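Below is one structure, written out as structure tokens, with a few remarks after it.
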2 protein chains.
Amino acid sequence: MLTPKKVEILSLGDELLVGIRVNSHLTYLGGELVRHGLELGRDQELPDDADTIRGAAKEALDRVDLLITTGGLGPTSDDVTVDALASALCRSTRHDPAVEESIRARFARRGLTPTENNLRQCRVIEGAEVLPNPNGTAPGQWIEDGGKVIAVLPGPRGEMQPMFAEQVLPRLIRMGWASERIPFLQIRTTGLGESQVAATLDPLFEPFAGRLRVAYCAHEGIVDVRLAAAGEDALEVGELTSVGERCRSALGSAFAAFGDSPVAAIILRQLRRHGKTLAVAESCTGGLLAARFTAVAGSSKVFNGGIVCYRNDAKTNLLGVPACLIEQHGAVSPECAVAMATGAAEALESDYALSITGFAGPEGGNEPPGTVYIGYHSPIGVWASKIHHAGSREAVRERGVNAALDFMRRKLRKYEMHELLECLRC
Amino acid sequence: MLTPKKVEILSLGDELLVGIRVNSHLTYLGGELVRHGLELGRDQELPDDADTIRGAAKEALDRVDLLITTGGLGPTSDDVTVDALASALCRSTRHDPAVEESIRARFARRGLTPTENNLRQCRVIEGAEVLPNPNGTAPGQWIEDGGKVIAVLPGPRGEMQPMFAEQVLPRLIRMGWASERIPFLQIRTTGLGESQVAATLDPLFEPFAGRLRVAYCAHEGIVDVRLAAAGEDALEVGELTSVGERCRSALGSAFAAFGDSPVAAIILRQLRRHGKTLAVAESCTGGLLAARFTAVAGSSKVFNGGIVCYRNDAKTNLLGVPACLIEQHGAVSPECAVAMATGAAEALESDYALSITGFAGPEGGNEPPGTVYIGYHSPIGVWASKIHHAGSREAVRERGVNAALDFMRRKLRKYEMHELLECLRC
């Protein structure tokens, strides 16, 4: 593998600096670059100010092979990217008639005529190649300058991402700057903290120092580990696969999957393979658990539905949880969690059911806020589990959903499906 | 108002550059800074590399009054922030015995002894004031250097945010660099695109050019407008309030609220004021609509629950949607949407109900993917509404939920509650 080309990004737009928009472009581009063997050395969020952008671009061009900019190509006077970059490159701008034609055609399709502002978007940096934008008005630009490349991309996600994937990346691959695909592996773990996962896996990575780039990311009970071949003597596919296998055994039941499959998708896949169905019932997570399952395309083959029962009488009327059970044990109790799961399985005629009941906060009840019970109903029995997480309402709900999914994943893993089927046959 | 102090952020950590973690610190800090009259001029995401961090810190210190760093204070060898900043400031580091004591105490409470690595976190830049970290081991640091300030904050959100709010911001206010609160207003609009909102409001802002900072942020049917007093002759509270009022009238029914109240919270507040209750039923959004209502603390006073009915027989069994209605009109139809809403109101004994049925994609049915019907049941009648959005499964679901919430908000606004009550009395 060649020495990786150095890349930086300029993310342009006032809205990135005033807390109103998350820079999701960086997440997308960072992930794509690492998967194709390029090294992102820095990202900068800059305001819509031509001097600032010009200065930052000049400095970045001293450091990098490839500079990517996103945003600031719109029709308003705030959109100064083209002028600022032209000035940083000591080039002029020109009016591109082909771009004008495509903008006019785009407007005409909606029965409109572009304003003078819209036609500002026809300005192209001298010597730049236009990157057509089938999803919007502002074209991208590809500029080669003294052995360096500047890729100028529009800000809206639905325009930027396809332009990068379909026009920028293929050019970089043809130039030999990016690889079609480098050895890359993501491992999803559940139920451990980041430091526990790192303590388990870091010793396995030691022999490959300098040949492997490792990143950990923890989110409410899930830790993702991203392994990418890196450096001049980068790991090859076979080696990475065997590292992955060693990680899997070291992690034991905390290993959820290779890749970034949601845990909900792992569960649905396993149930679908055996023709089984699933239902959920939830109180404090109020629909988030169902939303995780239904976020998976094709989930309707397995997922029958869910019941969000916030009020106790809804638990009784819709799920058949006996009122006296709630009175005796409380709605936040292992007994109620199990009764909710069984009730959901019955109401939605499903083989399996998962339930959550708890206090998301800020208020508690017979238990402190942050207490969550998980109930699980399967053809071979019922279980309950308790977790407690001291965090915001939002964090408790996220953590509760992740814990419930992890609980079910582990149960399905432990009582492997074929054992279950044996068991049912007896 | 004084000339605002210039601020930059260095967001440190490899994981920010490989697409594995979104930089949510920037969103939090950007929002806080603008609310307190500070101007964030730039953020940079940098890898855990001491040379890069040192160079970027030196350059940033030439530009700014206040430099904030987040991350890289952990116990591992990747965590190079303290050394890199010390080197940028030409200062040495020292071992702080008070920090060591607090780390040892923290470990002892869990029956553990800190390793040598953990004790690396006791190193403090010469002359720095230690910012205690009650939520983790790594302390923050506050450094004054030639009239400039460097605030060094830990990476985990639960440690960084309270340290900024409770220790950094109060110091900045005492120094007169930040205001207790500057004139600030957020307006939430629904149902219009960003360019429509901008076209409506920009003329109102023109007279205040240079005295007001405006940012727009669009997200799946919601557009937020953030107005902050800015500049030496910044807008005063009274002026901003009157600008806000003019925006409200110009926006008409697209005005949802001042502030960043979720639309679900606006609806719940209004129903609660009148002692009314709410239920939901949803198919393609699979729990997301219920999750929006239950995300609001105290929602259980109004929100009775929800039913996620993915399968048609669940719609019939749990919601009482006649099987022949589904057969005749399809499950994705205005008729089915209304029947689901009415069924949810009955099953959950609620005054109001909102329903969603549609094809989130990638597959469609009797309608193309992206088609969503909203059903609404209220004491004075039922309605249905259709939307279509060509986007990813995730975007269609988000857009569908936002459209349903907006539909109900507008209905409640149109038939103001007192009219409704009049009407019910007749």
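Every number in this text was worked out from the coordinates using simple rules, so none of it is lab data. These numbers come from a predicted model, not from an experiment. Using ideal geometry, Cβ is built from the backbone for each residue, glycine included, and neighbour counts are taken over all protein chains shown.
Points worth noting:
- Nearest 10 degrees, 0 to 90: helix B:263-273 Cα axis against chain B principal axis: 60
- Annotation: lysines with alpha-carbon distance below 24 angstrom to residue A:5 (same-chain offsets under eight excluded): A:58, A:148.
- Over the residues of chain A, the helix contribution to mean residue ellipticity at 222 nm works out to -12000 deg cm²/dmol, using -39500 (n - 2.57) for each DSSP H run of at least 4.
- Within straight-line reach of residue B:301, meaning a Cα separation under 22 Å, sit the following lysines at least 8 residues removed in sequence or on another chain: A:315, B:276, B:411.
- For segment B:263-425, share of DSSP beta bridges that run antiparallel, in % to the nearest 5: 60
- Largest mean-square fluctuation among B:156, B:97, B:75, in a Gaussian network model of chain B whose springs join Cα atoms under 10 Å apart, belongs to B:97.
- Counting only Cβ charges, +1 for Lys and Arg and -1 for Asp and Glu, the dipole size of segment A:184-258 around its Cα centre is about 180 debye.
- Computed E for residue B:394/residue A:112 - FRET, C-beta separation, R0 25 angstrom, nearest 0.05: 0.25
- Cα-Cα separations in the protein assembly as shown greater than 45 Å, expressed as whole percent: 31
- Dipole magnitude of chain A about its Cα centre (Cβ charges: Lys, Arg +1; Asp, Glu -1), debye to nearest 20: 1180
- In this calculation the C-beta distance from residue B:413 to residue B:180 is compared with R0 = 41 Å, giving a FRET efficiency of 0.75.
- Student exercise, the protein assembly as shown dipole from Lys, Arg, Asp, Glu Cβ charges, in Debye to nearest 20: 1920
- Under 5 Å from the amide H of residue B:370 lie the amide H atoms of B:359, B:360, B:361, each residue being 5 or more positions distant or on a separate chain, with H modelled from the backbone and absent for Pro and chain starts.
- Table column - 3J(HN,Hα) (Hz), segment B:85-98, Karplus curve with 6.51, -1.76, 1.60, x for Gly and Pro: 6, 4, 5, 5, 8, 6, 10, 8, 10, 9, 7, 9, x, 5
- The local environment of residue B:333, defined by Cβ-Cβ distances under 14 Å, has a net charge of -1 under the rule Lys, Arg +1 and Asp, Glu -1.
- Panel order for A:313, B:43, by other beta carbons found within 10 Å of each beta carbon, from fewest to most: A:313, B:43.
- Of B:401, B:302, B:22, the residue with the greatest mean-square motion in the GNM of chain B, using alpha carbon springs below 10 Å, is B:22.
- Only one residue of A:169, A:201, A:87 has its Cα farthest out toward the positive end of the dipole of chain A, where Lys and Arg carry +1 and Asp and Glu -1 on Cβ, and that residue is A:201.
- Volume per residue of the C-alpha convex hull in segment B:263-425, rounded to whole Å³: 95
- Percent antiparallel among DSSP beta bridges (both partners in the protein assembly as shown, rounded to 5): 65
- With coordinates expressed along the principal axes, the C-alpha atoms belonging to segment A:6-174 extend over 44, 36, 32 Å, beginning with the largest.
- Over the C-alpha atoms of segment A:357-416, the Rg to Rh ratio, Rh being the Kirkwood estimate, stands at 1.04.
- Spin-label model, residue A:77 to residue A:63: label points 7 Å out along the Cα-to-beta-carbon direction sit 3.3 nm apart.
- Summarising the strand pairing of chain B, around 60 percent of its internal DSSP beta bridges are antiparallel.
- Net charge of Cβ neighbours under 11 Å - reference residue B:397; Lys, Arg +1; Asp, Glu -1: -2
- Inter-chain Cβ neighbour count for B:27-39, averaged per residue, equals 3 (cutoff 10 Å, partner chain atoms only).
- Across segment A:294-311, computed HN-Hα scalar couplings (Karplus, 6.51 cos²θ - 1.76 cosθ + 1.60, θ = phi - 60°) run 6, 6, 7, 4, x, 5, 5, 5, 10, 8, 7, x, x, 10, 9, 10, 7, 8 Hz from first to last residue, x flagging Gly and Pro.
- Each Lys or Arg adds one and each Asp or Glu subtracts one; over the other residues with Cβ under 9 Å from the Cβ of residue B:94, this totals -1.
- For chain B, the longest principal axis of the Cα atoms and the long axis of helix B:334-347 meet at an angle of about 80 degrees.
- Rg/Rh ratio calculated on Cα atoms of chain A (Kirkwood radius): 1.07
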